[in-house]
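Q: After the structure tokens below, expect a handful of questions from me.
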Amino acid sequence: STLLMMMARLIEPDKGEIFLNHQNIADIKTAVYAKHVATLRQAPGFNLRLTVEELVSFGRFPYSRGVLTEQDHQVVDEAIEFLSLEPLRKSYIDEISGGQRQMAFLAMTIAQQT
């Protein structure tokens, strides 16, 4: 798990370097890195008052910077449909079960298309 945390750039390596496509990940700009690597922690450590759809839309942030295009909306829709979350689309993530919440976070990483 430590290696995965380092690969996600959540902690810095004690020694050595980690490369992605022959480039040290420490040298890759965050906005570029986010288009190549998505992480989903076992227990996401925040409670936000977001709907499932809004959460999944965050997966498009590396591309849209918060202003979703029609293509971004399509990718979000596909991620929601892929995980059969359509009935929960407008549900708040703090009001659904833990398993459903984890599926919503997974849909967010799928929408990131990394």
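Every number here is computed from the coordinates shown, using simple stated rules; none is lab data. Note that the structure is a prediction, hence the values are computed from the model and not measured. Backbone-built Cβ (ideal geometry, glycine too); neighbour counts: all protein chains shown.
Q: Reachable lysines from Lys90, Cα under 27 Å, same-chain residues fewer than 8 places away excluded?
A: Lys35
Q: If one takes the longest principal axis of the Cα atoms in the chain, at what angle in degrees, from 0 to 90 and to the nearest 10, does the Cα axis of helix 70-82 lie?
A: Its long axis makes an angle of about 80 degrees.
Q: Of Gln74, His22, Ser64, which is farthest on the positive side of the dipole of the chain, counting Cα position, with +1 on Lys and Arg Cβ, -1 on Asp and Glu Cβ, and the Cα centre as origin?
A: His22
Q: Could you work out how far apart the two model spin labels at Lys35 and Thr2 are, taking each label as a point 7 Å from the Cα in the direction of the beta carbon, and quote it in nm?
A: Simple spin-label model gives 3.3 nm for this pair.
Q: Treating only the Cβ of Lys, Arg, Asp and Glu as charged (+1, +1, -1, -1), what charge dipole size does region 58-114 show about its Cα centre? Round to the nearest 20 debye. Walk me through the numbers on the way to the answer.
A: Working: 5 positive and 8 negative charges, 38 e Å.
Its charge dipole is roughly 180 debye.
Q: Of the listed values (1) 24.2; (2) 15.1; (3) 14.0, grab the one calculated as Kirkwood radius over Cα pairs in Å from the structure here.
A: Matching entry in (1) 24.2; (2) 15.1; (3) 14.0: (2).
Q: Let me check I've understood the local charge: for Pro62, count other residues with C-beta under 12 angstrom from its C-beta, Lys and Arg +1, Asp and Glu -1. What total comes out? It would help to have the intermediate numbers written out before the result.
A: Working: positive: Lys29, Lys35, Arg60, Arg65; negative: Asp72.
Around Pro62, the surrounding residues sum to +3.
Q: Run the helix sum for the chain: -39,500 (n - 2.57) per DSSP H stretch of 4+ residues, divided by residue count, reported at 222 nm to the nearest 500 deg cm²/dmol. Mind showing how you got there, number by number?
A: Working: 6 runs with 48 residues, N = 114.
So the helix-based figure for the chain works out to -11500 deg cm²/dmol.
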